[in-house]
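I have placed the structure first, in the form of structure tokens, so that the comments after it can refer back to it.
The values are calculated or read from the model by the stated rules, or taken from the named source; none is laboratory data. This structure is a prediction, so every number in the text was calculated from the model and none was measured. FYI the Cβ positions are ideal-geometry reconstructions off the backbone, even for glycines, and counts take in every protein chain you see. For the accessible areas, the whole protein counts, side chains as well, though only heavy atoms, and no ligand, DNA or RNA atoms are used. Shrake-Rupley method; radii C 1.70, N 1.55, O 1.52, S 1.80 Å.
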Amino acid sequence: GGRRSAPRRVTVCVADVSSARVAAAPRADLPEWQALQQHARAADARPHLRELLQDRARCETMFVEHSKILLDYSRQLVTPETMRLLFDLAKAVGLRDSIDSMFAGDRINVSEDRAVLHTALRDPEANAQVRE
């Protein structure tokens, strides 16, 4: 058997959600967006990151691993509540459907009426089916 390689560690930088914009269509009317903005405004009351990193449980739980890539977001000013709110927003805007459409080669680039081709750029060997 071959030696299993260690997962690569990726640090995620979570943008300031209080000033973020959705390019396609602002959805400030979504309750999920409003909850996330309210949570972001309350960020000033949270402890400093130095204090958060002293929490062993935080450092042991705020990461995900997939395909040998370790996504560690414990060093960001996010809490489990922040992540829950982000996942709620992703679900509300249909992010999974958009990702599936991207991988299927659907025409989701609305400004050019074409597929985005992101996956083809990252895997030139793949026989991506792009519908032009």
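A few notes on this one:
- Within the assembled protein chains, the solvent-accessible surface assigned to Arg96 is about 140 Å², based on a 1.4 Å probe.
- One decimal place: the segment Arg50-Met83 gains 10.0 nm when fully extended, by the rule 0.36 nm per residue minus the C-alpha distance.
- The heavy atoms of Asp113 present about 90 square angstrom of accessible area, all protein chains included, probe 1.4 Å.
- Ranking Met83, Met62, Met102 by solvent-accessible area of protein heavy atoms (1.4 Å probe, all protein chains present), from largest to smallest, gives Met102, Met83, Met62.
- Sites matching GluC sites (Glu not before Pro) across the stretch 55-123 that sit in DSSP coil, with at most 15 neighbouring C-beta atoms within 10 Å: Glu112
- Accessible area, probe 1.4 Å, largest first, for residues Thr61, Thr79: Thr61, Thr79
- Of the listed residues Lys68, Lys91, the order by accessible area with a 1.4 Å probe, largest first, is Lys91, Lys68.
- Using a probe of 1.4 Å, the accessible surface attributed to Ile108 totals some 70 Å² when neighbouring protein chains are kept in position.
- Cα-based shape type of the stretch 21-90, given that a ≥ b ≥ c are square roots of the gyration tensor eigenvalues and the cut on a/c is 1.5: oblate
- Label point distance in nm, Met102-Arg75, each placed 7 Å from Cα along Cα→Cβ: 2.4
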